[in-house]
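Have a look at the structure that comes next, please.
The values are calculated or read from the model by the stated rules, or taken from the named source; none is laboratory data. No experiment lies behind these values; they were computed from the predicted model shown. All Cβ positions, even for glycine, are placed from backbone atoms using ideal geometry, and neighbour counts span all protein chains on display. Accessible surface is based on the protein model in full, side chains and every heavy atom, while ligands, DNA and RNA are left aside. Shrake-Rupley method; radii C 1.70, N 1.55, O 1.52, S 1.80 Å.
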Amino acid sequence: MSRVGKKPVRIPEKVTVTAEGQHVSVVGPRGTLRQQIPPEVVVRVDGSRVVVDDPEKTRGNRGYQGLTRALIAGMVEGVTGGYKRVLEISGVGYKADVSNGVLTLTVGYSHPVAIRIPKEIQAKVDKNTLVTLEGMDKQLVGQLAAQIRRVRPPEPYQGKGIKYAGEEIIRKVGKAGAK
């Protein structure tokens with residue numbers, strides 16, 4: 001049995017979890033999330049906790065059990081507290097701006113790069129260089145953050161580019177002997 005999968009997910013007070021067939025719905029203060037689960041696992045709601053079982057004890061089912069439990073735990077956390085990702089932009093003249101659901105990045109290209117922000121995610125820009133993404137869907141927030149970072153990843157020589165807050169960029173030494 002999966003070590004992650006056999007731990008039940010605790011349901012907070014203001015959250016409702018329903019499991020019908022191959023779908024799990026989680027309703028909380030921030031909204032509703034719905035996830036399709038693999039047919040290899042069974043999800044039961046026992047009072048104030050969710051239990052994920054694998055009827056056939058095979059190696060593949062153990063993985064699905066752990067995956068499903070982690071997805072449900074993420075959904076419960078998302079509808080109660082939500083997820084937040086902060087990106088830092090560094091470089092001379094590099095900046096960002098949000099207006100009408102579009103994030104516009106000016107990061108050294110000959111044109112500004114526009115990225116549409118899904119309606120489920122709130123984005124704000126502080127000091128033109130800090131982009132904050134907030135939402136209740138962990139996958140959606142992480143995917144958008146990765147898409148923004150991919151526009152101009154940080155380079156190792158001067159550290160210019162877009163990076164996650166708290167991410168350490170391993171710096172390289174440039175040319176040494178040009179005297």
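Which residue is farthest from the chain's Cα centre (by Cα), if the candidates are limited to the stretch 146-176 and must be farther than 12 Å from residue 91 by Cβ and charged (D, E, K, R)?
175
Separate question: In the stretch 20-37, which residue that is aliphatic (A, V, I, L, M) and within 17 Å of residue 140 (Cα to Cα) is surrounded by the fewest Cβ atoms within 10 Å (Cβ to Cβ)? Please lay out each step first, then the result.
Within the stretch 20-37, the subset aliphatic (A, V, I, L, M) is 24, 26-27, 33, 37.
Checking the rest, the ones that are also within 17 Å of residue 140 (Cα to Cα) come to 26, 33.
Numbers: 26: 27, 33: 23.
Looking at residues that are aliphatic (A, V, I, L, M) and within 17 Å of residue 140 (Cα to Cα), I get 33.
Which condition breaks for residue 120 when tested against (1) farther than 24 Å from residue 11 by Cα; (2) in contact with a Leu (Cβ under 7 Å, 6 or more places away or on another chain); (3) not in a strand (DSSP E or B)?
In the conditions (1) farther than 24 Å from residue 11 by Cα; (2) in contact with a Leu (Cβ under 7 Å, 6 or more places away or on another chain); (3) not in a strand (DSSP E or B), residue 120 misses (1) alone.
Hey, does the stretch 88-110 have a residue that's under 30 Å from residue 23 (Cβ atoms) and either modelled with pLDDT of 90 or more or of a type in the set (S, T, N, Q) (or both)? Break it down into steps so the answer makes sense when it comes.
Within the stretch 88-110, the subset under 30 Å from residue 23 (Cβ atoms) is 101.
When the remaining residues are screened for being either modelled with pLDDT of 90 or more or of a type in the set (S, T, N, Q) (or both), the result is none.
Checking the stretch 88-110: not a single residue is under 30 Å from residue 23 (Cβ atoms) and either modelled with pLDDT of 90 or more or of a type in the set (S, T, N, Q) (or both).
Within the bounds of the stretch 67-81, is there any residue that is over 26 Å from residue 16 (Cα atoms), free of Cβ contacts under 8 Å to residues at least 60 places away in the same chain and either in a strand (DSSP E or B) or open to solvent by less than 60 Å² (accessible area, probe 1.4 Å) (or both)? Don't jump to the end; show me each part of the working.
Step one: filter the stretch 67-81 for residues over 26 Å from residue 16 (Cα atoms), giving none.
Checked against the condition, which is being over 26 Å from residue 16 (Cα atoms), free of Cβ contacts under 8 Å to residues at least 60 places away in the same chain and either in a strand (DSSP E or B) or open to solvent by less than 60 Å² (accessible area, probe 1.4 Å) (or both), the stretch 67-81 yields no hits at all.
Which ones in the stretch 24-58 are within 21 Å of the chain's Cα centre (by Cα) and either touching a residue at least 60 places away in the same chain (Cβ under 8 Å) or not in a loop (DSSP other than H, G, I, E, B) (or both)?
24, 25, 26, 27, 28, 30, 31, 32, 33, 34, 35, 36
Would you please name the residue that is nearest to the chain's Cα centre (by Cα), looking only at residues in the stretch 82-109 that are of a type in the set (Gly, Ala, Ser) and open to solvent by less than 50 Å² (accessible area, probe 1.4 Å)? Talk me through it step by step, then tell me what you get.
To start, the set of residues in the stretch 82-109 that are of a type in the set (Gly, Ala, Ser) comprises 82, 90-91, 93, 96, 99, 101, 108.
Next, from what is left, pick out any that are open to solvent by less than 50 Å² (accessible area, probe 1.4 Å): 82, 90-91, 96, 101.
Working: 82: 10, 90: 22, 91: 25, 96: 20, 101: 19 Å.
Result: 82.
Quick one: count up the residues across the stretch 168-179 that are in contact (Cβ under 8 Å) with a residue 12 or more places away in the chain and open to solvent by 50 Å² or more (accessible area, probe 1.4 Å). Please lay out each step first, then the result.
Our first condition is that a residue be in contact (Cβ under 8 Å) with a residue 12 or more places away in the chain; within the stretch 168-179, this holds for 169-172, 174.
Cutting the leftovers down to open to solvent by 50 Å² or more (accessible area, probe 1.4 Å) gives us 170-172.
Summing the residues that are in contact (Cβ under 8 Å) with a residue 12 or more places away in the chain and open to solvent by 50 Å² or more (accessible area, probe 1.4 Å) in the stretch 168-179 gives 3.
Still on this model: Inside the stretch 126-165, can you point out the residues that are within 16 Å of residue 78 (Cα to Cα), part of a strand (DSSP E or B) and open to solvent by 50 Å² or more (accessible area, probe 1.4 Å)?
134
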